[in-house]
1. Considering the chain as a Gaussian network with a 10 Å cut-off on Cα pairs, which listed residue, 69, 38, 124, attains the greatest mean-square fluctuation?
2. Treating only the Cβ of Lys, Arg, Asp and Glu as charged (+1, +1, -1, -1), what charge dipole size does region 1-99 show about its Cα centre? Round to the nearest 20 debye.
3. Suppose every K and R has +1 on its Cβ and every D and E has -1 on its Cβ; what is the size of the dipole of the chain about the Cα centre, in Debye to the nearest 20?
4. Can you tell me the FRET efficiency between residue 69 and residue 3 if r is taken as the Cβ-Cβ distance and R0 is 51 Å, rounded to the nearest 0.05?
5. Kindly provide the GluC sites (Glu not before Pro) of region 132-224 that DSSP labels as loop, not H, G, I, E or B, and whose Cβ sees at most 14 other Cβ atoms within 10 Å.
6. Semi-axes of region 100-257's equivalent ellipsoid from the Cα gyration tensor, sqrt of 5 times each eigenvalue, largest first, rounded to whole Å?
7. Stretch residue 204-residue 29 to full length: gain in nm at 0.36 nm per residue minus the Cα-Cα span?
8. Based only on other Cβ atoms within 10 Å, what is the fewest-to-most ordering of 149, 99?
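Every number here is computed from the coordinates shown, using simple stated rules; none is lab data. Keep in mind that this is a model prediction, so the values were computed, not measured. Positions of Cβ are generated from backbone atoms using ideal geometry, with glycine treated the same way; all protein chains shown enter the neighbour counts.
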Amino acid sequence: MVNPSGVTLLVLVSLGLVVGSFLNVCVYRLPRGGSVVRPLSHCTRCGHTLRWFDNVPVLSYLILRGRCRTCLESISIVYPVVELVAPVLFFIQYWQLGWQPLLGIRLAFSCALIVLFFIDLQHRILPNVVTIPGIVIGLVASFFVEPGWLDAVLGVAVGWGLLRTISEVYFRIRGEEGLGMGDVKMVAMIGAFVGWQLMLFTLLFASLLGSLVGVAVIVLRHGDVKYALPFGSFLAISAMVSTVVGEPFIAWYTSFY
């Protein structure tokens, strides 16, 4: 573990806030098929282009009390949440790794997970424009940093094959789709970034987390089991957990054999 200096902490927080602001653009526009470059940031209700002082991460939201300066319509709480989550994850990755090449890859991975988490939570989709480039970036990076190219290739192959098989079996038994191809591609992307072992850890943890939430939803909805859970969001949380505790857990587990 690496404890950051004051300067390093300031850099991580500032970078995370700025990147988080851009991730908000991705979260809003990608599901709608929009460009993340044009047009400039604007109110999604009235279309008014935001001035720089209305676009400062978190601070502008607080000053404006969560409302557009022009039309006074409320601004989604998702915006400041994303802007706060990004620096937290950046700090966690630095705390794990310190300044090294792998840190840059893990920060990019964290950004992809944030985008996929919030898009799946709100729209129940996992855009190809995130997952497929993510698979490619993870595989290319694996030739230079952990987990290594072989583990990354196995992560993609095993993740894709395992989830695709589960999806097919579920469809044949129940006659309805349980897992979409977006979930399959996301698991493959996770495997490319962290390797096959941490991919399996992620999949198991996400399944456990999803089961717990599913039981809670059934209880709260009085037995209604038709509610679609955002499995991609569970995968995103679990993938981030795997980068922190996955390897120690696997080492502990395998010590019994």
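1. Top of the fluctuation ranking is 38.
2. Details: 8 positive and 3 negative charges, 73 e Å.
Roughly 340 debye, rounded to the nearest 20.
3. Magnitude of the dipole: close to 760 debye.
4. 0.80
5. Details: sites: 168, 176, 177; in loops: 176, 177.
Filter output for region 132-224: 176, 177.
6. On the way: eigenvalues 140, 60, 47 Å².
Rounded to whole Å, the semi-axes are 26, 17, 15.
7. 59.9 nm
8. By the 10 Å Cβ count, ascending, the order reads 99, 149.
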